[in-house]
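Read the structure below first, then the notes.
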Amino acid sequence: MASDSPITLTIRRPDDWHVHLRDGALLAGVVPHTARQFARAIVMPNLSPPMTDCAGVAAYRERIMAALPEGMDFTPLMTLYLTDATDPDEVARGFADGVFVAAKLYPAHATTGSAHGVTDVANIRAVLERMASIGMPLLVHGEVTDAHVDIFDREAVFIDRTLAPLVRELPELNVVFEHVTTQEAVQFVESAGANVAATITPQHLHINRNAMLVGGIRPHMYCLPVAKREVHRLALRQAATSGSGKFFLGTDSAPHAVGLKEAACGCAGIFNAPFALESYLAVFEEEGALDKFEAFASLNGPAFYGLPVNAGTVTLERGPVPVPEQIDANGTAIVPFHAGEELGWRLLG
Ligand code: DOR
Ligand code: ZN
């Protein structure tokens, strides 16, 4: 460590622009982790059944608030799950009433909880046109589902087949390309207009596909989009730490019970919420970009969504942070990202 390296880092309170909080008992087990780290979070709607209308989203928001421990200051920002049958008027009504701030496009069968997703973006054209006209962001899980396309190519092919045409045809639509995992995605976002941004997860900054497959299968390193080659990880690190306003923090924290991960057909998803800031900060430090962390974590997201930055600050302090092998989330054992490792920054408070 250089002798002039800071001992503490204080930034505006950050937000998580992509998280899965789940429901029921698990919700109560995971929401405190996100609320401890972040002031606000964009909450994914891929529950079972998915959150496809205003009433369902509003009720889910109430359950989140009820699960939040007393005294925690946390605001869930809700999203609507798009299907082939989504009604543009329902979308506009919920956005105007503040029920949700964005809508999520899951290509049908792309990932966990996407069975009711969109089979062809042509089917939601009227919805997307309405969203463009009212300034409502579209959040995109960017993978094709075509069985003929290799899983490691699904994001890049999605850009060519779906996202690039969409952005060309609806230049007024604000689009967040969620959890980008490839050099192609970084280049696409960089070369697009100011209406296109991306979130980046901690795991895609830390691991490449070897982490999942070398020396045995590591189910806790498996998420979707799947981690790619090293060249892609390096492109993501460059983008996240570049200072560009187009990239911001979105953990994609996606908890699954240990038994559902360590299985013959394990679920996709990495639970990174408990040490998310510590995990991201390790990357920014390794890249010599501590001065860029606040923009990525706390400023770029609000700017894109047209929301104020948070009042108040958080401070991280250098020091060893051991990550437990498992976390008990209200009765469900979950293996967190970095399980058994030691991180080098601690979130105070
Ligand atoms: O790995 C993932 N897990 N990717 C997703 O897109 C969904 C998520 C989940 O809900 O478990
Ligand atoms: Zn997700």
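The values are calculated or read from the model by the stated rules, or taken from the named source; none is laboratory data. Small disclaimer: the values here were computed from a predicted structure and weren't measured. Cβ placement follows ideal geometry from the backbone for every residue including glycine, while neighbour counts extend to all protein chains displayed. The area values use the complete protein model at the heavy-atom level, side chains included, leaving out ligands, DNA and RNA. Shrake-Rupley method; radii C 1.70, N 1.55, O 1.52, S 1.80 Å.
In this structure, does Phe275 turn out to be surrounded by 23 or more Cβ atoms within 10 Å (Cβ to Cβ) and either outside any loop (DSSP other than H, G, I, E, B) or touching a Phe, Trp or Tyr at 6+ places or on another chain (Cβ under 7 Å) (or both)? Outline the logic, then answer.
Working: surrounded by 23 or more Cβ atoms within 10 Å (Cβ to Cβ): yes; either outside any loop (DSSP other than H, G, I, E, B) or touching a Phe, Trp or Tyr at 6+ places or on another chain (Cβ under 7 Å) (or both): yes.
Considered against the rule, which asks whether it is surrounded by 23 or more Cβ atoms within 10 Å (Cβ to Cβ) and either outside any loop (DSSP other than H, G, I, E, B) or touching a Phe, Trp or Tyr at 6+ places or on another chain (Cβ under 7 Å) (or both), Phe275 comes out as yes.
Just one of the numbered conditions (1) open to solvent by 40 Å² or more (accessible area, probe 1.4 Å); (2) in a strand (DSSP E or B); (3) of a type outside the set (Lys, Arg) is not true of Pro76; which one?
Pro76 satisfies every listed condition except (1).
Filter region 84-142 down to residues that are in a helix (DSSP H, G or I) and either within 25 Å of Thr201 (Cα to Cα) or among the β-branched types (Val, Ile, Thr) (or both) and give me whichever is farthest from ligand 2 (Cβ to nearest atom). Give the steps one after another, and end with the answer.
To start, the set of residues in region 84-142 that are in a helix (DSSP H, G or I) comprises 88-96, 121-134.
Within this subset, residues satisfying the condition of being either within 25 Å of Thr201 (Cα to Cα) or among the β-branched types (Val, Ile, Thr) (or both) are 91, 121, 124, 127, 134.
Numbers: Val91: 20, Val121: 19, Ile124: 19, Val127: 20, Ile134: 24 Å.
For region 84-142, the residue satisfying everything is Ile134.
So Glu286 clears everything in (1) in contact with a Leu (Cβ under 9 Å, 6 or more places away or on another chain); (2) away from ligand 1 (no atom under 15 Å from the Cβ) except one condition, right? Which one?
(1)
Output the residues belonging to region 260-278 that are closer than 16 Å to Thr10 by Cα and within 16 Å of ligand 2 (Cβ to nearest atom). Working first, answer last.
First, pick out the residues of region 260-278 that are closer than 16 Å to Thr10 by Cα: 276-278.
If the condition is that a residue be closer than 16 Å to Thr10 by Cα and within 16 Å of ligand 2 (Cβ to nearest atom), then Ala276 is the only one that fits.
Could you go through region 6-16 and let me know if any residue there is in contact (Cβ under 8 Å) with a residue 40 or more places away in the chain, within 16 Å of ligand 1 (Cβ to nearest atom) and not small (Gly, Ala, Ser). Spell out the reasoning first.
Narrowing region 6-16 to residues in contact (Cβ under 8 Å) with a residue 40 or more places away in the chain: 6-16.
The next check asks that each one be within 16 Å of ligand 1 (Cβ to nearest atom); those that pass are 16.
Going one step further and asking which of them are not small (Gly, Ala, Ser), we end up with 16.
Yes, some residue in region 6-16 is in contact (Cβ under 8 Å) with a residue 40 or more places away in the chain, within 16 Å of ligand 1 (Cβ to nearest atom) and not small (Gly, Ala, Ser).
Looking at region 291-301, can you tell me whether even one residue there is at pLDDT 95 or above, within 16 Å of ligand 2 (Cβ to nearest atom) and charged (D, E, K, R)? It would help to see each step written out before you state the result.
Going through region 291-301, the residues at pLDDT 95 or above turn out to be 291-301.
So of that shortlist, the ones also within 16 Å of ligand 2 (Cβ to nearest atom) come out as 301.
The next check asks that each one be charged (D, E, K, R); those that pass are none.
No, region 291-301 has no match at all.
Show me the strands (runs of 3 or more DSSP E) entirely contained within region 8-54 in which 3 or more residues are surrounded by fewer than 23 Cβ atoms within 10 Å (Cβ to Cβ). Let's see the steps before the verdict.
On the way: elements: 8-12, 16-19, 40-43.
Once the strands (runs of 3 or more DSSP E) in region 8-54 are filtered for at least 3 residues that are surrounded by fewer than 23 Cβ atoms within 10 Å (Cβ to Cβ), what remains is 8-12.
Going residue by residue through region 173-183, is there one that turns out to be open to solvent by 50 Å² or more (accessible area, probe 1.4 Å), within 16 Å of ligand 1 (Cβ to nearest atom) and closer than 18 Å to Val231 by Cα?
The first filter runs over region 173-183 and keeps only residues open to solvent by 50 Å² or more (accessible area, probe 1.4 Å), leaving 183.
With the extra rule that they be within 16 Å of ligand 1 (Cβ to nearest atom), the set shrinks to none.
Taking every residue of region 173-183 in turn, none turns out to be open to solvent by 50 Å² or more (accessible area, probe 1.4 Å), within 16 Å of ligand 1 (Cβ to nearest atom) and closer than 18 Å to Val231 by Cα.
Could you identify the single residue in Leu47, Leu27 that is within 17 Å of the chain's Cα centre (by Cα), within 14 Å of ligand 2 (Cβ to nearest atom) and closer than 25 Å to Tyr222 by Cα? Before the answer, list the steps.
Details: Leu27 fails: within 14 Å of ligand 2 (Cβ to nearest atom).
Residue meeting the stated conditions: Leu47.
Within region 147-171, track down each residue that is assigned to a loop (DSSP other than H, G, I, E, B) and surrounded by 13 or more Cβ atoms within 10 Å (Cβ to Cβ).
Within region 147-171, Val149, Leu170 qualify.
When region 1-24 is examined, which residues are found to be over 18 Å from the mean Cα position of the chain (by Cα) and modelled with pLDDT of 95 or more?
Filtering region 1-24 for residues over 18 Å from the mean Cα position of the chain (by Cα) gives 1-12, 24.
Those that are over 18 Å from the mean Cα position of the chain (by Cα) and modelled with pLDDT of 95 or more: Thr8, Leu9, Thr10, Ile11, Arg12, Gly24.
Could you list, in sequence order, all residues of region 197-256 that are open to solvent by 40 Å² or more (accessible area, probe 1.4 Å) and among the hydrophobic types (A, V, I, L, M, F, W, C)?
Leu213, Val214, Ile217, Met221, Val231, Leu234 - these are the residues of region 197-256 that are open to solvent by 40 Å² or more (accessible area, probe 1.4 Å) and among the hydrophobic types (A, V, I, L, M, F, W, C).
Collect the residues in region 1-24 that are more than 30 Å from Asp84 (Cα to Cα) and either among the aliphatic types (A, V, I, L, M) or within 15 Å of ligand 2 (Cβ to nearest atom) (or both), keeping them in residue-number order.
Once the filter is applied, which keeps residues that are more than 30 Å from Asp84 (Cα to Cα) and either among the aliphatic types (A, V, I, L, M) or within 15 Å of ligand 2 (Cβ to nearest atom) (or both), region 1-24 yields Met1, Ala2, Ile7, Leu9, Ile11.
Hey, among the residues in region 285-327 that are open to solvent by less than 30 Å² (accessible area, probe 1.4 Å) and assigned to a loop (DSSP other than H, G, I, E, B), which one's nearest to Leu27 (Cα to Cα)?
If we take residues in region 285-327 being open to solvent by less than 30 Å² (accessible area, probe 1.4 Å) and assigned to a loop (DSSP other than H, G, I, E, B), then Val323 is nearest to Leu27 (Cα to Cα).
If you check Val189, Val176, Val226, which single one turns out to be in contact with a Ser or Thr (Cβ under 9 Å, 6 or more places away or on another chain) and part of a loop (DSSP other than H, G, I, E, B)? Outline the logic, then answer.
Values: Val189 fails: part of a loop (DSSP other than H, G, I, E, B); Val176 fails: part of a loop (DSSP other than H, G, I, E, B).
Just a single option satisfies the conditions, and that option is Val226.
I need the full set of residues from region 235-270 which are among the hydroxyl-bearing types (Ser, Thr, Tyr) and either away from ligand 1 (no atom under 16 Å from the Cβ) or in a strand (DSSP E or B) (or both), in order please.
First, pick out the residues of region 235-270 that are among the hydroxyl-bearing types (Ser, Thr, Tyr): 241-242, 244, 251, 253.
Answer for region 235-270, where residues must be among the hydroxyl-bearing types (Ser, Thr, Tyr) and either away from ligand 1 (no atom under 16 Å from the Cβ) or in a strand (DSSP E or B) (or both): Thr241, Ser242, Ser244, Ser253.
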